[in-house]
Amino acid sequence: MDFRLTEEQLMIQKAAREFSQQQCLPGVIERDELQKFPKNQIEQLADLGFLGMMTAPEFGGAGMDTVSYVLAMEEISKIDASVSVCMSVNNSLVCWGLEHYGSDSQKQKYLTPLAQGKKDGELYLGAFLLSEPEAGSDATHQHTSVLDKGDHFILNGVKNWITNGSSASVYLVMAQTDASKGPKGINAFIVEKNTPGVTVGPKENKMGIRGSDTHAVSFTDVVVSKQNQIGADGFGFNFAMKTLNGGRIGIAAQALGIASGAYELALAYSKQRQSFGKPIHEHQAIQFKLAEMATRIQTARFLCYHAAWEKDNGMDYTLSAAMAKLHASDTAMWVTTEAVQVHGGYGFVKEFHVERLMRDAKITQIYEGTSEIQKMVIGRSITK
Ligand code: CAA
């Protein structure tokens, strides 16, 4: 067993760390306060090749492995999870899904600019539209419908909690073709945002990842070309689930980064802050907290890297991805809460980053499958 990272992986980690320190840290508090989408930072990610990290170079991607992607997600999430969620959705849910299940012409037309993050010099992002007002965890109960009109489809319905909802140019939309067939009646489609009948709702005012671009999107008699169906008839739910397995590794890495960022801040603060005549890390009450944070983070890291390694080695990573997301997101919530505690009153005000990290941590237990859904996936897998 070799736990060392390769030269290339170390280089990616370093590049991501420098990017997040130099480009994400300045203004992160203000962007959170103003709910400002980090467009500059996302454009720079495109230039770094980080929006299509795992996509093959022939489709405009960087052709890196999943471990490198996890390392980059971890570093960027230490500073700004609003940037990293945008990166994660574009990489794992959009580019990966299209590369593995899209047709050749879909890849040429959509995947290449999505992996580059640019088209005609403008930012070009994707979004993944599965959740609905009444279909979150219970994702097979899609109300968005699609009618086959012979030479085209007609799409109607509402999707919500859509990351990159207004900044994306391309949507991957799951919709019900035949409700009597259950999950096998669901199909997946590529829909361009500027198609007539597509309406983007107002930006959600969120507790955390406030810079990220979360909207409801509705479809009224939207005409979708037959060429834009992904995979064979009835493949849409499987497409969503298989794509989400990789997405869950990305969110696990995001949670790991949020936890690590909060821990590093708490450790530094504990060395600088004095109480009862000594730095607070010399008090056992604080030292035990730091010890437990470090240990939980390391277990989350092993689970994330292992899930990524399984994916890179062509193994089934459904179980390891669910375990990584479950554990890393719980770790992020616990570590950030403790990091606020280490900071005392300073941890409760917005000038100190741990306050934001604690708010950002919460969503990692909810999106791309709640912790309860991860337990379902794990439970079904270990008992079948
Ligand atoms: N990997 C591969 N296939 C899977 C799968 C997985 N993780 N989970 C389910 N499937 C397959 C099943 O094998 C089954 O396929 P077959 O019929 O071919 O055997 C099919 O999907 C239906 O599954 P179930 O019979 O188990 O259906 P269910 O309704 O009992 O449970 C569920 C399904 C696991 C609960 C699923 O609905 C689920 O994962 N829900 C959570 C949805 C989710 O993660 N949403 C996130 C929204 S996207 C988002 O957050 C993006 C963003 O913008 C940040």
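Bear in mind that the values in this text are calculations on the coordinates, not laboratory data. The shown structure was predicted, so the numbers you read here are calculated from the model rather than taken from an experiment. Cβ placement follows ideal geometry from the backbone for every residue including glycine, while neighbour counts extend to all protein chains displayed.
5 Å is the cut-off here: which amide hydrogens, built 1.01 Å from N in the peptide plane, fall below it relative to Thr55, excluding neighbours closer than 5 in sequence?
Ala62, Gly63, Met64
Could you give each residue of region 326-331 its phi-based ³J(HN,Hα) in whole Hz, using Karplus coefficients 6.51, -1.76, 1.60 with θ = phi - 60°, and x for Gly or Pro?
4, 6, 5, 6, 5, 5
Connecting C-alpha atoms closer than 10 Å in a GNM of the chain, tell me which of Leu326, Leu34, Leu111 has the biggest fluctuation.
Highest fluctuation of the listed residues: Leu34.
Would you mind checking the pairs Lys78/Lys289; Lys184/Lys362; Lys184/Lys206; Lys184/Lys311; Lys159/Lys325 and listing those with alpha carbons more than 29 angstrom apart? Present the calculation step by step, with values, prior to reporting the outcome.
Details: Lys78/Lys289 19 Å; Lys184/Lys362 32 Å; Lys184/Lys206 34 Å; Lys184/Lys311 25 Å; Lys159/Lys325 23 Å.
The pairs that break the limit, which is 29 Å between Cα atoms, are Lys184/Lys362; Lys184/Lys206.
Assuming a ≥ b ≥ c are the square roots of the Cα gyration tensor eigenvalues, decide whether region 229-384 counts as rounded (a/c under 1.5), prolate (otherwise, with a/b larger than b/c) or oblate.
Details: a/c = 3.18, a/b = 2.40, b/c = 1.32.
It is prolate, given that a/c is not under 1.5 and a/b is the larger ratio.
Using a Gaussian network model of the chain with C-alpha springs under 10 Å, which one of Glu122, Glu204, Glu74 is most mobile by mean-square fluctuation?
Greatest mean-square fluctuation among the candidates belongs to Glu122.
Before rounding to the nearest 500, sum -39500 (n - 2.57) across all DSSP H runs of length at least 4 in the chain and divide by the residue total; then give [θ] at 222 nm in deg cm²/dmol. Please list the in-between numbers first.
Working: 12 runs with 180 residues, N = 384.
Result for the chain, helices only: -15500 deg cm²/dmol.
Using the crude model of +1 on Lys and Arg Cβ and -1 on Asp and Glu Cβ, and no other charge, please compute the dipole size for region 173-219 relative to its Cα centre, in debye to 20.
Numbers: 6 positive and 4 negative charges, 27 e Å.
Result for region 173-219 is approximately 120 debye, rounded to the nearest 20.
Between region 64-127 and region 1-17, how many Å separate their Cα centres?
20 Å
Rank His343, Met333, Met358 by how far each Cα sits towards the positive end of the charge dipole of region 308-372 (+1 on Lys, Arg Cβ; -1 on Asp, Glu Cβ) and give me just the farthest.
His343
With a point put 7 Å past each Cα toward its Cβ, work out how far His141 is from Glu30 in nm, to one decimal.
Between His141 and Glu30, the label points sit 4.5 nm apart.
Name the residue, out of Gly201, Gly236, Gly314, whose mean-square fluctuation peaks in a Gaussian network model built on the chain with Cα pairs under 10 Å.
Gly314
Would you mind ranking Glu368, Glu30, Glu338 by Cβ crowding within 10 Å, fewest neighbours first? Provide the component values of the computation, followed by the final result.
Working: Glu368 31, Glu30 11, Glu338 23.
Result, fewest neighbours first: Glu30, Glu338, Glu368.
About its Cα centre, what dipole magnitude does region 228-384 give when the only charges are +1 on Lys and Arg Cβ and -1 on Asp and Glu Cβ, stated in debye to the nearest 20?
On the way: 17 positive and 14 negative charges, 40 e Å.
The dipole magnitude comes to about 180 debye.
Got a sec? How would Ile378, Ile42 order by Cβ neighbour count within 10 Å, fewest to most? Can you show the working numbers first?
On the way: Ile378 18, Ile42 23.
By the 10 Å Cβ count, ascending: Ile378, Ile42.
Nearest 20 debye, what's the magnitude of the dipole of region 114-161 about its Cα centre given +1 on Lys and Arg Cβ and -1 on Asp and Glu Cβ? Walk me through the numbers on the way to the answer.
Details: 4 positive and 7 negative charges, 34 e Å.
The dipole magnitude comes to about 160 debye.
Report the one residue of Val170, Val28, Val83 whose Cα lies farthest in the direction of the positive end of the charge dipole of the chain (charges on C-beta: Lys and Arg +1, Asp and Glu -1; origin at the Cα centre).
Val28
Output wanted: per-residue J couplings in Hz (rounded whole) for region 253-261, from phi through Karplus 6.51 cos²θ - 1.76 cosθ + 1.60, θ = phi - 60°, x for Gly and Pro.
Values per residue, Gly and Pro as x: 5, 4, 4, 4, x, 4, 4, 5, x Hz.
For a footprinting-style exposure proxy, rank Val223, Val340, Val146 by other Cβ within 10 Å, fewest first. Numbers along the way, then the final one.
Details: Val223 13, Val340 21, Val146 27.
The order, fewest Cβ neighbours first, is Val223, Val340, Val146.
Using the alpha carbons of the chain, what is the convex hull volume per residue in cubic angstrom, as a whole number?
On the way: hull volume 53.9 nm³, N = 384.
So the per-residue hull volume is 140 Å³.
Determine the gain in length on full extension of the stretch Lys203-Ser166; use 0.36 nm per residue of separation and subtract their C-alpha separation, reporting nm with one decimal. The partial results should precede the final answer.
Values: separation 37, 0.36 × 37 = 13.32 nm, distance 0.82 nm.
Here the segment from Lys203 to Ser166 would lengthen by 12.5 nm.
With each label point set 7 Å from Cα along the Cα-Cβ vector, what nm distance links Asp120 and Lys226?
Inter-label distance under the simple model: 2.8 nm.
How far is it, in nm, from the label point at Ser103 to the one at Met315 when both lie 7 Å from their Cα along the line to the Cβ?
So the label points at Ser103 and Met315 sit 3.6 nm apart.
For Ile230, list long-range residues whose amide hydrogen, built 1.01 Å from N in the peptide plane, is under 5 Å from its own amide hydrogen.
Residues meeting the amide H criterion: Ala188, Phe189, Ile190.
Each residue of region 215-229 in order: what ³J(HN,Hα) in whole Hz does its phi give by Karplus 6.51 cos²θ - 1.76 cosθ + 1.60, θ = phi - 60°, with x for Gly and Pro?
Here the 3J(HN,Hα) series is 9, 8, 10, 10, 10, 10, 6, 7, 7, 10, 5, 4, 5, 9, 6 Hz.
Tell me whether region 157-215 comes out rounded, prolate or oblate; compute the Cα gyration tensor, take square roots of the eigenvalues as a ≥ b ≥ c, and use a/c under 1.5 as the rounded threshold. It would help to have the intermediate numbers written out before the result.
Details: a/c = 2.68, a/b = 1.73, b/c = 1.55.
Prolate shape, in that a/c is at least 1.5 and a/b is the bigger ratio.
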